[in-house]
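Colleague: Sharing a structure with you now.
The values are calculated or read from the model by the stated rules, or taken from the named source; none is laboratory data. Just so it is clear, the structure is predicted and the values come from calculations on it, not from any experiment. As a convention, Cβ positions derive from the backbone with ideal geometry for all residues, glycine included, and neighbour counts pool all protein chains shown. Side chains are part of the model used for accessible areas, which takes the heavy atoms of the whole protein and leaves out ligands, DNA and RNA. Shrake-Rupley method; radii C 1.70, N 1.55, O 1.52, S 1.80 Å.
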Amino acid sequence: MSEKEKDVVVTEKVVSEADELPKTIVRRVVKDKLSQLSKDSDVNVLRESLQGFCESARIFIHFLSATASDVCKESKRQIINAEDVFKALEEIEFAEFVAPLRTSLEEFRRKNAKRKSESLKAKEMNKKGKMKEPPVTNGGGSEEEDEDESSEE
């Protein structure tokens, strides 16, 4: 086994499967972006390139997470929020991502709020509908009860 192959085996063992990003999602993101930039609509990505994208993204996420955690701790909190991530992006010199990410987050929150309100309305309508429905009888009453009810009318 060559030195390069040994390094690959060691690297593969260091990164647990839990830390890996889903290759299908990374491939889709890469291909979508490359197809936007390329005139050729069908762009192929070699396995080694895909592995490079996966590993780079994993390292970036770890670095961003650690920086956001530091920002959070400086604020004497234990839960990382979106503002911590935005500040971390600025600290690691990716400030150009903050504005588009804020916009994306606002859009996500709007859609989520709309979905929640629609879900609550549907639940309320179901409850109101159930209240208005007369109780269901199983027809198990005696004939005398039926005659008494008809004579009362």
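Colleague: Probe radius 1.4 Å, ligands and nucleic acids ignored: give me the carbon and sulfur share of the accessible area of the stretch 70-122 as a rounded percent.
Modeller: Details: 2370 of 4330 Å².
Ligands and nucleic acids excluded, carbon and sulfur give 55 percent.
Colleague: So for 50, 21, what's the accessible-area order with a 1.4 Å probe, most first? Write down the numbers at each step before the final one.
Modeller: Details: 50 5, 21 50 Å².
Solvent-accessible surface, decreasing: 21, 50.
Colleague: Between residue 101 and residue 44, how high is the FRET efficiency from 1/(1 + (r/R0)^6) when r is the Cβ-Cβ distance and R₀ = 41 Å? Nearest 0.05.
Modeller: Numbers: r = 29 Å, r/R0 = 0.72.
Using R0 = 41 Å, I get an efficiency of 0.90.
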